[in-house]
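The structure appears below as structure tokens.
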Amino acid sequence: MIQGSARHSQPKRADEKEAQERLAAFEAEALGYANQLFRVALRLCREPARAEDLLQETYLQAWRSFPRFELGTNLRAWLYKIMFNVYYSAQRRQQLEVVPVEETIAETIAYDPPTPQHLTEEEVLLALEKLPRDFQLPVVLADVEDLSYREIADVLAVPIGTVMSRLHRGRKILRMELARYARDAGYRIAD
């Protein structure tokens, strides 16, 4: 009887060891994205302390959801999806209502100036901060974090067409803002 139970416990130990190794590999890879996730969290929260809390909650949810993670899928996009879910869940709990401004802004944009050269990083970041949130997030995820349209659509839970539209409009607003900075700084803007 004792020998039989010893035989059954060895496969269990091997399974536990394999699960621990998978979790350790997952944690190591997931933590490698901490800086990228924090940058996006900072854009969402606009306060470093809240961004750190969001990042911590994202990793906590990822760790809890690890058994549902499918190996071989895009871990970075999965972490972004968790982050946005955590963020928007907290927003709903606080009963904040986000008013979509996409259509009204699109109607007011008539001129599409070229992107000026020789701007400082600070000027670009300031211009990016001025973008409405609906346009800022797709621009940051596409142009800074290098996510695909499909990944952005999944993360933001919107159709790909909406992502493409918001990216186009966000980039257009950003170019207009950068052109204004360049003009104010005395740079010549090509027509």
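The values are calculated or read from the model by the stated rules, or taken from the named source; none is laboratory data. Bear in mind that the values here come from a model prediction, so they are computed numbers and not experimental data. Using ideal geometry, Cβ is built from the backbone for each residue, glycine included, and neighbour counts are taken over all protein chains shown.
Structure summary
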quantity	calculated
Helices (runs of 4 or more DSSP H) fully within the range 44-113 counting 1 or more residues that are of a type in the set (Phe, Trp, Tyr) and either modelled with pLDDT under 75 or farther than 30 Å from Arg183 by Cβ (or both)	48-65, 75-93
Residue list for the range 64-81, restricted to those being over 13 Å from Ala34 (Cβ atoms) and either under 15 Å from the mean Cα position of the chain (by Cα) or touching a residue at least 24 places away in the same chain (Cβ under 8 Å) (or both)	Phe66, Phe69, Leu71, Asn74, Ala77, Trp78, Lys81
Unique residue being part of a helix (DSSP H, G or I) and surrounded by fewer than 17 Cβ atoms within 10 Å (Cβ to Cβ) when the list is Asp154, Asp134, Asp143	Asp143
Extreme residue, nearest to the chain's Cα centre (by Cα), among residues of the range 118-131 that are not in a helix (DSSP H, G or I) and not polar (S, T, N, Q)	Leu131
